[in-house]
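The values are calculated or read from the model by the stated rules, or taken from the named source; none is laboratory data. Note that this is a predicted model, so its numbers are computed, not measured. With ideal geometry, Cβ positions are generated from the backbone for all residues, glycine too; neighbour counts draw on all protein chains shown. Heads up: the accessible areas ignore ligands, DNA and RNA and are worked out on the full protein's heavy atoms, side chains in. Shrake-Rupley method; radii C 1.70, N 1.55, O 1.52, S 1.80 Å.
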Amino acid sequence: CSERGQGLVVAVARASQAPPPPSSRSSPGSMAPAGDGRIAIGKHVLKEPLCIGTMQWGSTRLDQRLNSRGSGVLPDAIVDGAVAEAMAHGVTFFDTAEGYGGGTSEERLREAESRWRVSAGAKAEGMVVGTKFLPTIWRWTEGSFMHSLRGSLSRLGTQSVPLYMIHSPVHPRPVEFWIRCCCKAQSEGLIDAIGLSNFNAEQVRRAAAEAAKHGCRIAVNQIMYNLLDFASPALQETVAACAELSIAILGYCPLGQGLLTDGLTEDRLPSILATRITKVTWEDLQPLRGAIASLARAHGVTMAQVCVNWSICHGAVPLVGCKSAKHVREAVGALGWRLKPAEVSLLDGLALQRSTLEKPRWRRGFFMVLLSTLVFVYYLEQWLRSTNSAHLRIPTAAELAAASGDAALKVTTSSDVAKAEATGLDKPKEE
């Protein structure tokens, strides 16, 4: 287990480009290089400190409805273009989850990589994939964990996944139970590195202590990490705990779901999910947005690229949701340069403190119930589609139990959906 548990250690690509943390606030992880100063996830070494999010790559009818204001289900050609663009720029790290499209995001990622490899050649460097186990309200046993993991491995077309994360710590079972399951799976060679998602400081320490009992370690904690929540005491405590334990930060929502990017207007603000989650107002955002815009002009980049670069300067690996090659191109525009230490400090001083880690446990628990229900609907839809019948019938209790146990059935991906609209980087993420 210890050999496979070397985990994710972050190093800035080039020491000359990476200033030390410019403020007294915490930056994540130990900065030990992976041989050549790049990022390592277990035995997998990344060329660039960037991760591509695939939450909106699902292909079910439910995804079509949920994304109705955007592009709906992404056509294969759009997904293939995003993958090809990322791989061409050396961005090989992709994030997915069984809860994204009921597992269809995992399937589409596998299929897109297979098509990309046809043109790239068998010797081309492949993807490094991180996926997640969702502790839904019906999962209570090691068997349910292993069933879920094997389902993800099947959908991803692999015998071992580079990074496997616990999607949420909110469950009647203690976090230690799920960490023990991860350690067992790691000892069996099913996962290379163990990760967390949405764990606060206290939960991170508990998870790391339990992993250590089994000769393993926690590699990464995936949390919301941006200038909307950087000043939050809860976030700073979590980042400090991760730094103490050499756990790297994989930071999702680096653009605040568009609140920190070009083109935002006061009229659009209420329609953005992050506005309701963080309770931020237009007036709250103006000093921070003004500074980001000024730095963007100075560096000849976009506001989005400033935000992503700021995360990299703090040692985090930004996770950017991308729905097209255009989105990927904008994301990689944050690579190859660095904000100056004084510029990072300026943004740090203007950061807000709207962390989701400070939400009451009952609210996070209520959200998990809703998310569990959504995942169950995904499985039910997949079961109904698998019947290949024009007449819907009520499934038996045994069939529903099989569906809720993550016996996710393969779904045929549609490739004739209307072309996806390029609506910008970093779409809402359910965490």
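Structure notes:
- MET368 meets each of the listed conditions (1) open to solvent by 50 Å² or more (accessible area, probe 1.4 Å); (2) at pLDDT below 70; (3) outside any loop (DSSP other than H, G, I, E, B) apart from (1).
- In the set (1) open to solvent by less than 60 Å² (accessible area, probe 1.4 Å); (2) closer than 23 Å to GLU210 by Cβ, LEU156 fails one condition alone, (2).
- PRO169, sole failed condition from (1) open to solvent by 20 Å² or more (accessible area, probe 1.4 Å); (2) in contact with a helix residue (DSSP H, G or I) (Cβ under 6 Å, 6 or more places away or on another chain): (1)
- Being among the aliphatic types (A, V, I, L, M), under 17 Å from ASP229 (Cβ atoms) and either surrounded by fewer than 21 Cβ atoms within 10 Å (Cβ to Cβ) or in contact (Cβ under 8 Å) with a residue 60 or more places away in the chain (or both) is a description that applies to VAL280.
- ARG297 passes every criterion in (1) free of Cβ contacts under 8 Å to residues at least 12 places away in the same chain; (2) closer than 20 Å to PRO174 by Cβ; (3) not hydrophobic (A, V, I, L, M, F, W, C) apart from (2).
- When ALA209, ALA316, ALA296 are checked against the criterion of being touching a helix residue (DSSP H, G or I) at 6+ places or on another chain (Cβ under 9 Å) and buried (at least 21 other Cβ atoms within 10 Å of the Cβ), a single residue qualifies: ALA316.
- Residue satisfying condition, being more than 30 Å from ARG150 (Cβ to Cβ), open to solvent by 10 Å² or more (accessible area, probe 1.4 Å), modelled with pLDDT under 95 and over 17 Å from the mean Cα position of the chain (by Cα), within set GLU266, GLU244, GLU202, GLU237: GLU266
- The set of residues from the stretch 289-326 being part of a helix (DSSP H, G or I), within 25 Å of MET55 (Cβ to Cβ) and of a type in the set (A, V, I, L, M) comprises ILE292, MET303, ALA304, VAL306, VAL308, ILE312, ALA325.
- With respect to (1) modelled with pLDDT of 95 or more; (2) closer than 14 Å to GLU98 by Cβ, the lone exception for GLN186 is condition (2).
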